[in-house]
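Just so you know, all these numbers are worked out from the coordinates, no wet-lab data involved. These numbers were taken from a predicted model, which means no experiment stands behind them. Cβ atoms come from the backbone with ideal geometry, glycine included; neighbour counts cover every protein chain shown.
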């Protein structure tokens, strides 16, 4: 007897992005994919009319939209969901001291609270879903909050038969940065002197050079899920090196590695020098 088809729901599946790559990877692995996104005009063309793909409109900040998606999935599957991938996220490259509070709160809404909101109705499904807590495209503080929360959810949801994965994505080559509008850094801000460096960082190039494409990345994720892994999973450019460096090396050594990639020390020295000149 052929094994029953598995069902996966992925949010944030705009064409060319990580979500679209994950959807393609799960589809190749034989899953029925509920491909969801806020703007249906950005649906990946290769999956829009594919067999075993259901496209749904979903705004992860709207409880009503989430409830409607749950209802649509229930009608299709009889109340079963095997995998929920929370991929929706937002980029914001801006020093914390100069960040607009409204922008910062919205970032946490999208990158943290939306995931929490999306996980809650998934527990209404009758099967034992895997719930990867997806941390891509978030600022460092939102990533940290999400990773810690995922560790709590992993233990809290285990008695309900839910396997929770904190998927730490290093870098994947996508057009995500093409749509990021860098906030203006006005004269007088602490980091005004290195504004050009911050704008270059916001372009994504230092992070995406040599990174895997979304489908290759997605196949790695599907393999980890199907292998039954739980807890933190690191996938993306130099994921293994980053994982072991973070876990085993002293914080100062890890910081030095990151600084070598981002060329940050010299830029921060400019900020300190400018600050001394203004005193």
Residue 5 versus residue 229: modelled label distance in nm, points set 7 Å from Cα along the beta carbon direction: 2.7 nm
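For a protection proxy built on the mean count of beta-carbon atoms within 10 angstrom, sort 63-71, 99-107 highest first, please.
Values: 63-71: 15.3, 99-107: 12.8.
Descending packing order for the listed peptides: 63-71, 99-107.
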Per-pair calculated FRET efficiency, R0 = 22 Å: residue 216 and residue 40 via Cβ, rounded to 0.05: 0.25
Cα-projected label distance for residue 270 with residue 199, points at 7 Å along beta-carbon direction, nm: 1.2 nm
